[in-house]
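Worksheet: one structure, shown below.
The values are calculated or read from the model by the stated rules, or taken from the named source; none is laboratory data. Keep in mind that this is a model prediction, so the values were computed, not measured. Glycine also receives a Cβ, built like all others from the backbone with ideal geometry; neighbour counts cover every protein chain displayed. Each accessible area value is taken on the protein alone, full model and side chains, heavy atoms only, with ligands, DNA and RNA left out. Shrake-Rupley method; radii C 1.70, N 1.55, O 1.52, S 1.80 Å.
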Amino acid sequence: MKLRNNTDIQHAGTVNKSIDFGIDKENIGILFRGFSDTLYSNKIGSIVREVTSNCFDSHKEANIKEDVVITLVEADPLTGKNGKISFKDIGTGLSPIRIQDIYSKYFSSTKRETNNEIGGFGIGAKSPLAYTDIFEVNTIYENIKYFYVVHRGDKVPHIKLINQEKVNEHNGTEVILPVRAGDETKFRSECRHQLRFFSNIHYINMNIDNDYKIIQGKNWIASSHTEGHSTDYKLSVCLGGVSYPIDFNQIEQNWEKTDTHLSQWS
């Protein structure tokens with residue numbers, strides 16, 4: 001998503017010297033923890049939205065029309081096996097260079113010069129760290145499959161390559177994160193809600209209808225995901241499949257302020 005620079009800044013007086021703001025290296029961990037802990041008020045919903053958006057952006061970049069696949073595996077208390085959820089695309093894959101220069105860097109993105117893709121701020125790929133200390137990224141790029149582990153770290157997050165092997169498979173990426181016992185219902189609910197305007201998603205073990213329909217007009221979009229559920233889906237602005245609820249109270253307050261200012265000028 002293209003980001004617009006704000007150049008409408010007025011300067012007053014003469015400045016002889018400027019000092020760039022920065023972050024001491026020993027304090028940078030505070031910044032990372034702040035993003036992980038406070039950036040998302042709805043952590044599970046945000047992870048579902050951000051990671052799925054990356055999958056769709058990868059498909060758009062590679063001109064792939066196939067489904068993004070989301071799979072939920074529940075914990076097994078008898079064997080002690082943990083639950084997990086995975087988000088898988090067959091898009092461009094992540095080259096070692098992209099892992100190093102983009103994926104592992106906050107605010108680095110390949111999407112700022114296009115409106116065809118959803119992201120642009122370079123933080124969505126790191127969103128699982130808001131929920132878990134560790135998650136997996138398995139990616140295929142030019143017939144090599146790379147197995148990475150992303151860890152929150154003591155001070156700053158890091159990504160580690162743990163294995164690689166030659167394969168004869170299409171490029172693509174799978175993000176896998178653990179699901180704590182009892183959170184399965186929340187992940188299902190957030191997938192149904194956050195992704196209701198995304199088409200071409202195949203759900204496995206999610207109890208979500210794979211035959212849902214997206215109905216779109218010139219200035220509106222609707223989804224059959226909303227049918228038959230008691231959740232109060234408010235009117236929203238939808239950009240690239242991501243819906244942003246409209247706060248009508250805020251609109252009314254701003255309109256009242258504008259109306260007051262106009263009255264003063266009349």
Residues satisfying the stated conditions in segment 167-216, i.e. outside any strand (DSSP E or B) and touching a Cys at 6+ places or on another chain (Cβ under 8 Å): 197, 206, 208
In segment 54-76, residue least open to solvent (accessible area, probe 1.4 Å) [restricted to those that are part of a loop (DSSP other than H, G, I, E, B) and either touching a Pro at 6+ places or on another chain (Cβ under 6 Å) or among the charged types (D, E, K, R) (or both)]: 67
Some residue of segment 147-162 being surrounded by 20 or more Cβ atoms within 10 Å (Cβ to Cβ) and either closer than 29 Å to residue 243 by Cβ or at pLDDT 95 or above (or both): yes
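Go through segment 145-177 residue by residue and tally those that are charged (D, E, K, R) and under 23 Å from residue 132 (Cα atoms).
So the answer is 5.
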